[in-house]
Every structure is written in structure tokens, then in C-alpha cells.
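Novice: Provided herewith is a single structure, encoded as C-alpha cells, for subsequent inquiry.
The values are calculated or read from the model by the stated rules, or taken from the named source; none is laboratory data. Fair warning: this is a prediction, and the values are worked out from it, not measured in the lab. Here the Cβ positions follow ideal geometry from the backbone for every residue, glycine too, while neighbour counts run over all protein chains shown. Note: accessible area is taken over every heavy atom of the protein model, side chains too, but ligands, DNA and RNA are not part of it. Shrake-Rupley method; radii C 1.70, N 1.55, O 1.52, S 1.80 Å.
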Amino acid sequence: MISATRRGLRAIRSLRERRRAETDLLLRSDVARAALAVHGTPLLLLDPERVREQYRRLRTALPFVRFHYAVKALSHDAVISVLADEGSAFDVATGDELALLQRHGVRPDRVIHTHPIKKPAEIADALAAGVTTFVVDNETELEKFRDCADVRLLVRLAYRSPHAKSDLSSKFGVGPFEAARLVALAQDLGIRIAGFSFHTGSQLDDPARVASAITDTLTLMEQLEATLGVRFDTLDIGGGFPVAYDTDVRSIEEFASVIRPVLGPHRHRLDIIAEPGRILVAEAMTLVTSVVGVAERPDGRWYHLDDGVYGAYSNVVAEDVHPFVFATKELGGQEGGATHRWATIAGPTCDSADVVAREVLLPDLRVGDLLASPAMGAYTVVTATRFNGRAVTPVAVLGQAPTTAPVATEQVLAEA
Ligand SMILES: Cc1ncc(COP(=O)(O)O)c(C=O)c1O
């Protein structure tokens with residue numbers, strides 16, 4: 001019902017208005033009201049059906065690509081369930097993420113381990129679980145796979161994207177010459193290099209950058225096949241599809257239309273895979289908070305909320321993304337008015353860095369008033385801390401009774 005009505009909302013042209021209307025629709029629904037009545041705030045409302053919708057859009061836009069959901073973006077049972085149900089494959093970076101998939105009965109041949117640096121024990125556990133595809137970007141890592149039968153490695157390439165919110169090639173990946181050296185070394189060690197992977201950067205609204213990385217990788221593969229006599233069968237184009245937080249970005253369909261013609265001719269020769277994270281889960285979760293304090297400071301009005309950058313708004317500092325913050329009492333009507341003023345929104349910790357947003361135009365708010373931020377599904381609760389002893393923000397799955405924190409986070413906390 002919510003998703004049917006939401007399809008109508010796509011016609012709203014301004015992103016802010018569209019997000020406001022979606023948030024209003026969600027918060028007026030019986031399931032969201034029931035969850036808030038039971039749990040109070042702060043609360044993350046997760047709608048797994050939106051994950052399903054996004055997965056289906058990706059599949060339709062790039063039908064010959066196999067999608068491995070990057071579990072790190074939101075390691076929640078409901079997300080894994082819905083994606084496993086849709087037939088998605090998965091991408092893990094740790095043994096904890098793999099254990100989560102195992103609990104859901106995901107077969108190991110649907111899992112790739114893409115962290116370029118792994119503890120030896122973690123490799124042993126993943127191999128024992130039946131995972132065979134791993135990523136490497138250096139000689140030391142390659143050596144860890146000596147004597148491992150049936151392993152297929154991907155060499156991670158670096159393509160710098162300084163405009164990405166997270167330029168993942170600033171930490172991982174190698175250039176073409178080092179890649180060639182690693183492939184030759186693997187040949188000497190008897191280790192199979194199945195192909196290459198890269199990640200041109202997270203939240204990068206630039207499909208041409210991805211297309212050029214694909215072209216360069218395909219060229220490298222052809223050169224190495226010719227010079228080293230190897231045969232590759234896999235191209236992994238990583239993740240990175242962007243999400244509209246406070247500005248519009250290309251849709252999945254627009255983004256895919258740029259890379260599809262570059263990939264298409266290789267679909268029968270290569271196994272083409274991708275590791276989307278953010279695009280699948282960001283819009284599926286909405287954060288609801290309450291005002292817990294109001295203060296007049298030298299720079300104006302401050303509203304202190306019961307969640308902040310050490311909690312679910314961790315994406316604001318870690319990723320420099322800026323989700324909208326709406327006062328729920330004016331969601332249904334017009335925004336703006338005589339009582340509106342520019343305000344600073346701060347988190348609950350006793351720390352001056354805990355500021356979620358500055359210069360936000362808000363109505364006059366009191367303690368107890370609710371605020372809501374849409375598009376809070378990716379890299380939020382999974383990167384939250386327990387600073388000041390605060391609990392990690394609970395996640396209420398719409399349509400399900402119990403509340404569950406993301407499993408990986410829950411485990412870490414239990415061990416601490
Ligand atoms: C190896 C790898 N794959 C996939 C992803 C997911 O990227 P995104 O959420 O931008 O789609 C990440 C994100 O950090 C990553 O490091």
C-alpha cells in the first residue's frame with residue numbers, strides 16, 4: 001500500500017518535496033505509528049520492501065550483471081532476508097558478515113570476500129565455509145593463498161575519484177603495472193587469478209568515471225591475456241551508485257544506461273559482477289528523533305536531539321552526506337512561516353563535535369517534538385558508536401513486531 005502510493009510521489013519534481021511527502025506518508029502509516037508508540041525515539045524505521053524494489057530496479061537496468069549486496073552498508077537480518085529471497089548474491093568484508101549470511105542459509109557460492117586485507121584466520125574460516133572468491137591488492141596478501149586449492153582471486157585496481165564522498169582507491173588497489181606483476185607472481189605460485197575488481201568511489205554521481213574504469217580494465221585484461229597466456233573470466237565493477245540525500249542524483253536507470261553499452265559486448269565472455277551497498281538500502285530506512293533540549297546560544301537557536309553523529313547520524317561526519325531533517329509537525333502542510341528560524345541541530349552527547357546540521361530552517365520546536373530524516377539506511381547504524389554510554393539506535397522493521405539492531409553491531413557490543 002505504501003509502495004503503491006509512493007510510486008505516485010515520483011512525479012513530484014523537487015527532491016525536498018518528494019522526500020517530505022514520502023516521510024509524511026510513512027509516518028502516517030499504522031505500522032510506523034505502532035512502532036513509535038512501542039519504542040519511542042530515537043528509532044530507525046526499516047522498510048525491507050524498498051530494498052526489494054531497488055534490487056529489482058538494478059536487475060532490470062543491468063540484466064546481465066550479478067549483484068553481490070555489500071553487507072557492510074546495513075548488516076540487518078531483514079535486509080539479508082529480502083535480498084536472499086530475491087536471489088541476490090552477497091559481498092562480505094569480515095567473518096562476522098559471513099556468519100550473518102550463514103545464519104540465513106546463504107550458499108557460499110553466492111558470497112565473495114572483497115576486503116583486500118584479511119587476517120589469515122579469517123581466510124581459513126571463509127575457505128572452510130566454502131567461499132572461494134577473494135580480493136587481493138598486494139604480494140603479502142597473495143602469499144596468504146599459497147597452497148589454497150580451488151581459490152579464485154580478483155586483483156583490486158585503483159581508479160582515483162577525488163569527487164566521490166569516499167574515494168576508496170585512496171586506500172586500496174594497484175595500478176596496471178603492479179597488477180601485471182601480481183598476476184605473473186600468482187602464476188608462479190600456482191594461484192588462479194580469475195579477473196579484476198575496482199570501486200571508483202562511493203556516492204559518486206559520475207557513471208562516465210565507472211565506464212572509463214571498465215574500459216581500462218578490459219584493456220588491461222586483454223593485454224595480460226596476450227602477454228602472460230592467462231585467461232580471465234570475471235570483471236567486478238564494485239559499488240558506488242549514488243543516493244539523493246539533499247541534492248538530486250542520476251537514477252539507477254540513468255546511471256546504468258551509461259555503463260550498459262560498455263559492458264554489454266563482454267557479457268558472454270565474462271562473469272560481470274557488482275557490489276552495490278548504499279543504493280539498495282539508503283532509502284529503506286528513516287530516522288525519527290525527538291527534541292530533548294532547546295537553547296539560545298550566541299549564534300542562535302539550538303535544538304538538541306536524542307540521536308547524533310556518534311549514533312545513527314554517523315554518516316554526516318564519516319561520509320559528509322547531509323540527509324534532510326524535517327519537523328514532523330509540519331510534514332503534512334506547507335513548510336515555512338512567520339515562526340520559522342534558522343537553527344543548529346545537535347546530537348545528545350556532551351561533546352562539541354556532535355552537530356548534525358547548521359542553518360536549518362525549522363518551526364518553533366519544544367522538548368518532545370519529533371524530527372525525521374529519510375534516506376538513513378546506509379552507513380548509519382552500522383558505523384554508530386556507544387560514545388557517552390548511549391545505546392545504538394534500535395531498528396524497527398515495518399510489519400514485524402520485535403526490534404533488532406544490525407547483527408554485526410550487536411555482536412561487537414556484546415563482546416565489548
Ligand atoms: C569493496 C567494497 N565493495 C562495495 C562497497 C559498497 O559501496 P557502495 O555502498 O558505494 O555501493 C564498498 C563500500 O565501502 C566496498 O568497500
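Novice: Which lysines, if any, have their Cα less than 24 Å from the Cα of Lys171, not counting same-chain residues under 8 positions apart?
Specialist: Output for Lys171: Lys72, Lys118, Lys119, Lys144.
Novice: Given a Förster distance of 25 angstrom, what is the FRET efficiency for Glu86 paired with Lys171, based on the Cβ-Cβ distance and rounded to 0.05?
Specialist: Details: r = 31 Å, r/R0 = 1.23.
Efficiency, rounded to the nearest 0.05: 0.20.
Novice: When only DSSP loop residues count, what trypsin sites (Lys or Arg not before Pro) in the range 248-346 have their Cβ near at most 15 other Cβ atoms within 10 Å? Before the final figure, lay out the partial values.
Specialist: Numbers: sites: Arg250, Arg267, Arg269, Arg278, Arg301, Lys329, Arg341; in loops: Arg250, Arg267, Arg269.
When the trypsin sites (Lys or Arg not before Pro) of the range 248-346 are filtered for loop state and at most 15 Cβ neighbours within 10 Å, Arg267, Arg269 remain.
Novice: Against the 2.2 N^0.38 Å scaling, with N counting residues, where does the range 209-251 land? I'd like the Cα-based Rg ratio to two decimal places.
Specialist: With N residues counted in the range 209-251, Rg over 2.2 N^0.38 Å equals 1.67.
Novice: Debye calculation, C-alpha points only, no solvent: report log10 I(q)/I(0) for the range 75-276 at q = 0.13, 0.14, 0.15, 0.19 Å⁻¹, in the same order as the q values.
Specialist: -0.73, -0.85, -0.98, -1.49
Novice: How compact and how long is the range 45-191, expressed as Rg and Dmax of its alpha-carbon atoms in Å?
Specialist: 16.4, 52
Novice: Here is a further query. Could you state the accessible area per residue of the chain in Å², with a 1.4 Å probe and every protein chain left in place?
Specialist: For the chain, the solvent-accessible area averages 42 Å² per residue.
Novice: Share of Cα-Cα pairs in the chain beyond 38 Å, in percent?
Specialist: Value for the chain: 24 percent of Cα pairs lie more than 38 Å apart.
Novice: If you roll a 1.4 angstrom probe over the protein chains with everything in place, what fraction of the accessible area of the range 75-276 belongs to carbon and sulfur, to the nearest %?
Specialist: The C+S portion of the solvent-accessible surface of the range 75-276 is 51 percent.
Novice: R0 = 51 Å: FRET efficiency of Glu296 with Ala124, Cβ-based, nearest 0.05?
Specialist: 0.30
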